[in-house]
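Trainee: Pasting a structure below so you can have a look.
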Amino acid sequence: MLSTQDKKRVLREMVLARRFEERCYQAYMERKIGGFLHLYPGQEACAIGVMEAARPGFDYVITGYRDHVHAIKCGSDPKAVMAELYGKETGCSKGRGGSMHIFDVANRFMGGYALVGGPFPLAAGMAKAIQMKGGDEIAICFLGDSANNQGTFHETMNMAALWNLPVLFICENNLYGIGTALHRSTAVTDQYKRVCSYGIESDQCDGQDIDVVFEHAKKAVEHVRSRKGPYFLELMTYRFRGHSMSDSRGYRTREEEEQWKERDPINILRDRLIAEGGYTQAEFEAMEKEIDAYIENEVIRFAEESPEPRVEELTRYVLAD
Ligand SMILES: Cc1ncc(C[n+]2csc(CCOP(=O)(O)OP(=O)(O)O)c2C)c(N)n1
Ligand SMILES: [Mg+2]
């Protein structure tokens, strides 16, 4: 169980994640950020709750294009992530990758991938390397619900089970792949059931309540770390914003959105802390203000003031020598 102190810390991390993403939205509208931008509000308890149960900076993590918060939870500096979104030389991928290609070797955050389903086999490869080297790490692969219809999903599940790889798959099921509802694209909508045919242990839980995510993730991480084989955990969640920046959300109703917003992961944890005593709404609001000031005065300022990559060096770091 998360202690009161831990709960306050992860609440802070979720608020930082939310404000960071909302500030990205604003910067995109001001044309400071270009290219694709996929935001994470609504899903914060997933990445933060799972990594709270794992070892950020030690375990290897990989995900898709909705990747900023995963990187930050693994230890990436929010300044280097924002500078990457701004396409600056000080960005974590030296401004060459942008939003979908956040990368941080030092913190074992292995990306940030644009190809849906692409990270599955890469995660298996990371797990195979861990297995061969004999370390205590695990590989964690976060992906969306729709990624599971890619061929790579099935090929990877088979190999991961066959080779007993130390890999944890986290499915962030937000019910949509771009504008297509899950039930319109997928025969079996309970994603955790799909890995049973490969003999992989799996579970499903609420992805909005970080206490619930943490408990399920803890069990999953223990399973993989003790080398009992791969594990697949499905988190039921919702993205509050559109898929990407140009999305009028015509494929879902405003009522459905409002229902999910009643299950905002930040409000759930804040209200619980207040109900348990020893925490107040005033403290929460002061924290929000302090985080906004940090994002503005440090994160945004750093991105704004950092240099652009030099034109002569634009292709540097893009391809291996
Ligand atoms: C191989 C490949 N096919 C198609 C796309 C286009 N595409 C981008 S996101 C997406 C939907 C993915 O949805 P999901 O896996 O549920 O993730 P979410 O965006 O909901 O987090 C698709 C089809 C792509 N990026 N890569
Ligand atoms: Mg999805």
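Trainee: May I ask you to compute the full-extension gain from residue 31 to residue 256, defined as 0.36 nm times their residue separation minus their alpha-carbon distance, rounded to one decimal in nm?
Mentor: That pair, residue 31 and residue 256, stretches by 78.0 nm at full extension.
Trainee: Among the listed pairs 7/289; 8/88; 219/289; 8/289; 7/32, which are separated by more than 24 Å between their Cα atoms?
Mentor: Exceeds cut-off: 8/88; 219/289; 7/32.
Trainee: Where does the longest stretch of the chain lie that holds no GluC sites (Glu not before Pro) found in a DSSP loop with 11 or fewer other Cβ atoms within 10 Å?
Mentor: Longest site-free region, per DSSP loop and neighbour criteria: 31-261.
Trainee: Checking the a/c ratio against 1.5 first, then a/b against b/c, what shape does the Cα gyration tensor give for segment 113-199?
Mentor: prolate
Trainee: As a test, work out the antiparallel percent of DSSP beta bridges whose residues both lie in the chain, rounded to the nearest 5.
Mentor: Bridges in the chain are about 10 percent antiparallel.
Trainee: Which value, in Å² rounded to 10, gives the accessible area of residue 209 with a 1.4 Å probe and all protein chains present?
Mentor: Solvent-accessible area, nearest 10 Å²: 20 Å².
Trainee: Which value, in Å², gives the accessible area per residue of segment 33-129 when a 1.4 Å probe is used on the protein heavy atoms?
Mentor: 28 Å²
Trainee: Kindly identify the chain as rounded, prolate or oblate by the Cα gyration tensor criterion: order the square roots of the eigenvalues as a ≥ b ≥ c, call it rounded if a/c is under 1.5, otherwise compare a/b with b/c, prolate if a/b is larger, else oblate.
Mentor: In terms of gyration-tensor shape, rounded.
Trainee: Now a separate question. If you find the alpha carbon centre of segment 267-305 and of segment 175-253, how far apart are they in angstrom?
Mentor: About 27 Å separates the Cα centre of segment 267-305 from the one of segment 175-253.
Trainee: For segment 286-321, state which trypsin sites (Lys or Arg not before Pro) are in a DSSP loop and have at most 12 other beta carbons lying within 10 Å of their beta carbon.
Mentor: Sparse-neighbourhood loop trypsin sites (Lys or Arg not before Pro): 310, 316.
The values are calculated or read from the model by the stated rules, or taken from the named source; none is laboratory data. Worth saying up front: this structure is predicted, and the values here are computed from it rather than measured. Please note: Cβ atoms are built from the backbone with ideal geometry, for glycine as well, and neighbour counts cover all protein chains shown. Surface areas here come from the heavy atoms of the whole protein model, side chains and all, with no ligands, DNA or RNA. Shrake-Rupley method; radii C 1.70, N 1.55, O 1.52, S 1.80 Å.
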